[in-house]
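Report on one structure; see the data block that follows.
The values are calculated or read from the model by the stated rules, or taken from the named source; none is laboratory data. A quick note: this is a predicted structure, and the numbers were derived from the prediction, not measured. Methodologically, a virtual Cβ is constructed for each residue, glycine included, from the backbone with ideal geometry; neighbour enumeration extends over all protein chains shown. When the accessible area is computed, the model is the full protein with side chains, heavy atoms only, and any ligands, DNA or RNA have been set aside. Shrake-Rupley method; radii C 1.70, N 1.55, O 1.52, S 1.80 Å.
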Amino acid sequence: MRRPLEGVRVLTLEHFGAGPYATLLMAELGAEVIKVESLELGGDASRPTGPYLLGGDDSQYFQTFSRHKKSVGLDIKADRAAFVRLVASADAVVNNLRGDQPARLGLTYEALKGINPAIVCGSLSAYGRGNSREAWPGYDYPMQAECGLMSLTGEPDGPPARMGVSIIDFMSGSTFAFAVVSALLSAKTTGVGCDVDVSLFDVALHQLSYPAIWAMNENHPATRLPNGAHPSLAPVQRVKTADGYGQLMCMTQKFWLELCALAERGDLATDPRFATLADRRVNLAALTEAIDALFQTRTNAEWMALLGGRVPFGPVNDVAQALDNPFVAEVGMRDVIKHPDRPQGLHMLAAPIRIDGQRMPAVRSPKLGEHTDELLSEG
């Protein structure tokens, strides 16, 4: 299989989630991603992140974000000449350092264009560059808080809540990967590179999407609704079932009528309180009471059997249940990779992208400095 980014070389100075997630996507699609890591500092700061360690300078957390990559043990300040040689052979140099660091470390297009005019220099930082916060450290959770996302998450009578995983890191990483690859397309045709900047703050704010537009134009007060209900459409919400919870999404009138028909509840379809989307929105409390009473008559499995393929519905699973879902195996979203410190193999999630119907083959993350001799001896 030829992967779309084969032949593209990316140097990366990265730590923890957002940057490594971005270059993971590029590596999964065939780019040669080289982690430039300081041996003195222990490399990527996520290498020793517990609780599940894998030998020296390695962990299951680290393996999550650095598959397919290579590692060069190199201090870019102490051995600038070696770094310059790598830059000359690269298509992109990216980092997820604080916003003030790329200029100080010579990682910008202005600093590197003399070595390689087509180089793309990408910076993924907390608050961006060229502003009053560029030197501030920052992470996912404070972005969810300050950018309003936590105010929209959780139940109305409970405290604000963060999302269960670092979704802003992952959205920022995805945005950054897209931006860098887009810049690479331009550099390939023009021979001229550029700087690419993405920040966690900007991406987090951008995820407010339509509630932000409503707020800016109509002073709409976006609030949390019971059962995680949608602000416009109903019933689009969490429902109680006989053995847990499910998520129902009747986004259209068609799905509402189909639910009523499959559940043999024509009375709900003809109830004037629930006749249209607007009626159901106005009478959300009564609708919720009726829907919960209905859904508690069957288990999640029974509702999946009844509604699957007809009305959008999914059980609220825990992590183990989500991974054991037979559909996960059917679509091949789990890998087992070889790892020298885990003889039985390491179970991982597969790449969420298919090329010509195939997922990318899995390769473990590198040991610290594993490819130093190979890459620094080039040329």
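What does the extension gain come out to for TYR52 and ASP356, with contour length at 0.36 nm per residue minus their alpha carbon separation?
Extra length from TYR52 to ASP356 when fully extended: 105.9 nm.
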Alpha-carbon centroids, the range 228-288 and the range 65-92: separation in whole Å: 55 Å
The equivalent-ellipsoid semi-axes of the range 1-82, taken as the square roots of five times the Cα gyration tensor eigenvalues and listed largest first in whole Å, are 21, 18, 9
Would you mind computing, in nm to one decimal, how far apart the modelled labels at CYS194 and THR297 are, each placed 7 Å from Cα along Cα→Cβ? 5.8 nm
Which residue, chosen from GLY7, LEU24, GLY99, occupies the Cα position most advanced towards the positive end of the dipole of the range 1-99, where the dipole is computed from +1 (Lys, Arg) and -1 (Asp, Glu) charges on Cβ about the Cα centre? GLY7
Within the accessible area of the chain (1.4 Å probe), percent carbon and sulfur: 58 percent
Under a 1.4 Å probe, what is the accessible area of the range 148-256 per residue, stated in Å²? 52 Å²
Around ARG334, what is the net charge, scoring Lys/Arg as +1 and Asp/Glu as -1 over all other residues with Cβ under 12 Å from its Cβ? -2
Counting Lys and Arg as +1 and Asp and Glu as -1 over every other residue whose Cβ sits under 12 Å from the Cβ of ALA183, the net charge comes to -2
Antiparallel versus total DSSP beta bridges in the chain: what percent is that, nearest 5? 45 percent
Cross-link partners of LYS367 among aspartates and glutamates (Cα-Cα below 19 Å; sequence separation of 8 or more within a chain): GLU14, GLU28, GLU32, GLU37, GLU40, ASP44, ASP57, ASP58, ASP75, ASP341
Using alpha carbon coordinates only, what is the Rg to Rh ratio of the range 154-307, with Rh defined as the Kirkwood radius? 1.12
So if each residue of separation counts as 0.36 nm, and I subtract the Cα-Cα distance between ASP373 and ASP75, what length gain in nm does that give? 105.8 nm
Of LYS77/LYS338; LYS35/LYS188; LYS35/LYS338, which sit over 29 Å apart, Cα to Cα? LYS77/LYS338
With 10 Å bins from zero, work out the P(r) of the chain over every alpha carbon pair and list the percent per bin. 5, 19, 25, 22, 16, 9, 3, 0
May I ask for the angle, rounded to the nearest 10°, between helix 253-262 and the longest principal axis of the chain, with both axes built from Cα atoms and the value confined to 0 to 90°? 60 degrees
Tell me, how many Å apart are the Cα centres for the range 34-62 and for the range 309-324? 33 Å
Which of the peptides 255-267, 136-148, 65-77, 13-25 is most tightly packed, and how do the rest follow, going by the mean number of other Cβ atoms within 10 Å of each residue? 13-25, 65-77, 136-148, 255-267
With label points built 7 Å along Cα→Cβ from the Cα atoms of ALA161 and ARG2, find their separation and express it in nm. 4.8 nm
Taking the Cα centre as origin and putting +1 on Lys and Arg beta-carbons and -1 on Asp and Glu beta-carbons, what dipole magnitude results for the chain, to the nearest 20 debye? 480 debye
Quick note, the range 251-372: a/c under 1.5 would make it rounded; otherwise a/b > b/c is prolate and the rest oblate (a ≥ b ≥ c, C-alpha gyration tensor); here it is prolate
How far is helix 18-28 tilted, in degrees, relative to the longest principal axis of the Cα atoms in the chain, given as a value from 0 to 90 rounded to the nearest 10? 80 degrees
